[in-house]
Structure formats: C-alpha cells, structure tokens
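**Q** Structure in structure tokens, see below.
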Amino acid sequence: MNIVQTPEVIGAHVSEVDLARVSDADFARIEQTFNQRGVICIRDQRLSEAQLIAFARRFGGIEPHFLKHYTHPDHPEILYISNVKKDGKDIGHADAGSVWHTDMSYVERPPRATLLYALEVPMDSESGVALGNTQFASAAAAYDSLSPETKQRLAGLRAIHQVAGRRAKTGTGQQDQALRRDQPAVVHPVVRTHPFTKRKCLYVSKGECEGIEGMAKDEALALIDQLAERTVEERFRYTHRWRVGDLLMWDNCAVQHLASFDYQWPQHRRLMHRVTVGGSVPF
Ligand code: SIN
C-alpha cells in the first residue's frame, strides 16, 4: 500500500490496496493518515455495497441518514448522492453540499467520518476533464491562524446548529417547519477539540449556525460569518478531482466541504454511494 500526502494542508492519496481485504496493519495506517490529514482518497476500488459498509464499520457504527427515500433499498446504510433521474424523479440526494458545511453538525453526536464512493463521475465531453469536484477546507489550520486575542474570545462559546437554517438559505427545503420539528437545534462549542489528534478546530458554518448562546443575534451572526469565511480561505483548501473507483473519506471535525455543480442531467451522470460513520459529542 502506498500513501502520498497532497501538497495542501490536508489530504492524502492511498493506492495499491484493496479495501475489501485490507489487513489490520494497513487499516491502522489508513486510519492514522485519515486522522492526521482530514480527507483521504483511496483510489481504484471495486467495492460491493456490503464491502463498502464493512470497511466503514471499521471506523465506528454506521449513522442512518434522515433522507430515507434516497437510501439504497437493500442497504439502508447507503445514501445515494446522485443527479440521476428515474421516471422523472431524483434517485438520490442531488444537491448535497451546495454550501460549505460539515456533515450533520445539527445533531448531538455529529458523524466522525463520511465515505463517498464514486460509481459514475461526470466528464466534460470535449476536454475529458472530470466535473463535480469536491472542495475541502481545514478547520484546524484555520483555528491555528487566529490571533491569540481571537482564540481567547472564542474559548467557551457555543453555537446553535439547525438543519433548516442552511436549507432555508439555499432554497431547497420546502419542509422547513417539519425539519425544525424533527431535528431540534443543538449547541456545540465554536472551537472543537479533535477526539483523536486533540487539535482545535473551528466548528461553525454560515448555513447551519443560527446564533451563539448568550450573544446578541447580530453580533453572533457576524462572528459566525467571520469564522466560517476564515475556515474556507483558499490557503486551507484541497480540491478533490474525482475518478470512478475513488473512495473518498472526510473527517467532520477537521474539515468542511463543498460540492460543485458544473454538470447537468441528462448529459452528465453522477452516482455516488455515501456512508456516514457515527461520532461523539463535540467538546
Ligand atoms: C456531500 O456533501 O455529502 C457530497 C459532496 C459531493 O457530492 O461532492
């Protein structure tokens, strides 16, 4: 197995390994790289649904997704991320990640990791270049870049996370009321400590954070915006250019991510299997 760190502050590419039969020693190296680099791509995989789920389980219990209508009929652990339509209907979640965010920060125990396995990748027919890149930004490097005064100001602050906040902003959720009822807001520290590396990470996003406990709304939103913008500055980013067979994994404490939508149904097809691994209460 070969592991190469990308030149960016996050990211690593793993090759020459078959995740369907990875040894304990190789798994330990993958997990260590994952914890240290925040996002890793394991190339050239041919995984059945059961093999993908079994690999994900080595990182922890699988977290079911609330969008039940987009889950695999035989493997509810898998959420389809796709722009493919069948009988005029989306077969999967077509606009996951249209704003910078970290997965499911609006639950009490946000997932440790998200795995996205590429089955179909859209290509520009003229240039042959892959479309639908996914960008990542290091929440740990962003925290490190803050001044001592700002770090001190943030210590002990807790932000309010609400799923419908982001959906309302992107205009994709018609059922905001139902979402608010089903997923009540939760509070998490504005600065989270990574449970494995112990690095401090900024943990706010513009879409899902609606306020900060004990702070006036205007002041809180201005601070959230400032921190969210700092997190995704160019210098902290890695852009993933997809290939079929890529298994990409990201750490929902250490990085934020953003999907791109430069492809269009029906000329472009994008199909991914997503599995989410459970995490712990942020501290
Ligand atoms: C996601 O945010 O879960 C999906 C990212 C992507 O589709 O590129």
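The values are calculated or read from the model by the stated rules, or taken from the named source; none is laboratory data. It should be emphasised that the depicted structure is a prediction, and the values quoted were computed from it without experimental measurement. Note that we place each Cβ from the backbone using ideal geometry, even for glycine, and neighbour counts take in every protein chain shown. Side chains are part of the model used for accessible areas, which takes the heavy atoms of the whole protein and leaves out ligands, DNA and RNA. Shrake-Rupley method; radii C 1.70, N 1.55, O 1.52, S 1.80 Å.
**Q** If the reach is capped at under 19 angstrom between alpha carbons, list the aspartates and glutamates near K151, excluding any in the same chain fewer than eight residues apart.
**A** Result set, ordered by chain and number: E213, E219, D225, E229, E233.
**Q** While we're here: Under a cut-off of 17 Å between alpha-carbon atoms, report the lysines in cross-link reach of K206, not counting same-chain residues fewer than 8 places apart.
**A** Candidates past the 8-residue exclusion: K169, K217.
**Q** Can you compute the helix-only [θ] at 222 nm over the chain? Use -39500 (n - 2.57) per DSSP H run of at least 4 residues, normalise by all residues, nearest 500 deg cm²/dmol.
**A** Value at 222 nm, helices only, nearest 500: -6500 deg cm²/dmol.
**Q** Using the crude model of +1 on Lys and Arg Cβ and -1 on Asp and Glu Cβ, and no other charge, please compute the dipole size for the chain relative to its Cα centre, in debye to 20.
**A** Value, rounded to 20: 380 debye.
**Q** Taking the stretch 1-107, which GluC sites (Glu not before Pro) meet the DSSP loop condition and have no more than 11 other C-beta atoms within 10 Å?
**A** E16
**Q** As a test of reading the structure, rank W100, W250, W265 by solvent-accessible area (1.4 Å probe, protein chains only), most first.
**A** Output order, biggest surface exposure first: W265, W100, W250.
**Q** Which value, in debye to the nearest 20, describes the size of the charge dipole of the stretch 89-147 about its Cα centre when Lys and Arg Cβ atoms bear +1, Asp and Glu Cβ atoms bear -1, and nothing else is charged?
**A** 260 debye
**Q** Would you work out what percent of the accessible area of the chain, with all protein chains in place, is carbon or sulfur (probe 1.4 Å)?
**A** Percent of accessible area from carbon and sulfur atoms in the chain: 48.
**Q** Any idea which of Q226, F196, V84 is furthest toward the positive side of the dipole for the chain, if Lys and Arg beta-carbons carry +1 and Asp and Glu beta-carbons -1?
**A** F196
**Q** Measure nothing but the geometry: give the 0 to 90° angle between the long axis through the Cα atoms of 217-231 and the longest principal axis through the Cα atoms of the chain, rounded to 10°.
**A** 40 degrees
**Q** Using a 1.4 angstrom probe, figure out how much accessible area the chain has per residue, in square angstrom, rounded to the nearest whole.
**A** Heavy-atom accessible area per residue stands at 46 Å².
**Q** Tell me which residues come under 5 Å, amide H to amide H, from H93 once H is placed; ignore anything under 5 positions away on its chain.
**A** Y80, I81, S82
**Q** Along the charge dipole of the chain, Cβ charges K/R +1 and D/E -1, which of T33, P110, I10 sits furthest on the positive end?
**A** Positive-end residue among those listed: P110.
**Q** How many angstrom lie between the C-alpha centres of the stretch 72-87 and the stretch 245-283?
**A** 14 Å
**Q** Helix 24-37: angle to the longest alpha-carbon principal axis of the chain, degrees 0 to 90, nearest 10?
**A** Result, in degrees: 40.
**Q** ³J(HN,Hα) across the stretch 99-116 via Karplus (A = 6.51, B = -1.76, C = 1.60, θ = phi - 60°), whole Hz, x for Gly/Pro?
**A** 10, 4, 6, 10, 4, 6, 5, 7, 10, 5, 10, x, x, 5, 8, 10, 10, 10
**Q** Going from most exposed to least, what order do R230, R158, R21 have by accessible area with a 1.4 Å probe?
**A** Reading off the accessible areas and sorting them downward yields R21, R158, R230.
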